[in-house]
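What follows is one structure encoded as structure tokens, with my remarks underneath.
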Amino acid sequence: MKAKLIAILIVLVFLVGFANAADPIVTQSTSNSTVKSNTTAKTTIKTNPPSAISPSINASNSDLCAIGVSGAVQTQIIGISTGQAYRDANCERLKISKVLYDMGMKVAAVSVMCQDWRTFDAMAKAGTPCPIDGKIGEEAKDLWKLNKREIPKQENLKTMDRGEFLHTLVNGIMGVLLLAILVI
């Protein structure tokens, strides 16, 4: 909560501090001619602010196991852009396993897949335990009983309860309102 208040204060400081900085460019000129006429002209130039352009993260190559995420926000005062690539470990595991299988290393391919707890459980429930130390079948089953520490741990798949959902929703709405204030 304290961090949110600090963030709101920073946004307000930017709004107040830069409100005067957005004045238009004004030029004035006066000219006299021999025809005895006086002309006064006032020119006001209003320009758009420069654009914040989000970085391009190329993920079109099908051999990459990465997901690109980028975004940008531009107001009349300030522009922000960011981007990042995230690794997909399961995609990498699938590619490694496929290459091993294609090279004829079928046990090694299954071993790579068995590093994921879901594959490990599925193999055990199917009656074909994952390979361990080059052993397969019943020998592998006996070795797994002796080496329970090496069994992949089940990941807790996070679910969002109602309170957490409402908290996230309120944070999102506040962010949109602050952004709207910046744009105005």
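The values are calculated or read from the model by the stated rules, or taken from the named source; none is laboratory data. Just so you know, these numbers come straight off a predicted model, no measurement behind them. Reconstructed Cβ throughout: ideal geometry from the backbone, glycine too, with neighbour counts over all protein chains shown.
Values for this structure:
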{"quantity": "Looking only at the range 139-168, and only at residues there that are of a type in the set (S, T, N, Q) and within 17 Å of residue 116 (Cβ to Cβ), the one that is surrounded by the fewest Cβ atoms within 10 Å (Cβ to Cβ)", "calculated": "156"}
{"quantity": "In the range 105-118, the residues that are in contact (Cβ under 8 Å) with a residue 12 or more places away in the chain, assigned to a helix (DSSP H, G or I) and under 29 Å from the mean Cα position of the chain (by Cα)", "calculated": "112, 113, 117"}
{"quantity": "So residue 113, is it under 30 Å from residue 79 (Cα atoms) and surrounded by 13 or more Cβ atoms within 10 Å (Cβ to Cβ)", "calculated": "no"}
{"quantity": "Only listed residue being within 30 Å of residue 135 (Cβ to Cβ), modelled with pLDDT of 75 or more, among the polar types (S, T, N, Q) and surrounded by 11 or more Cβ atoms within 10 Å (Cβ to Cβ), chosen from 70, 81, 97", "calculated": "97"}
{"quantity": "Flag for residue 44 being at pLDDT below 90 and exposed (fewer than 11 other Cβ atoms within 10 Å of the Cβ)", "calculated": "yes"}
{"quantity": "Positions within the range 141-184 being in a helix (DSSP H, G or I) and closer than 24 Å to residue 90 by Cα, in sequence order", "calculated": "144, 148, 149, 150"}
{"quantity": "Residue 23 of a type in the set (Asp, Glu) and at pLDDT below 65", "calculated": "yes"}
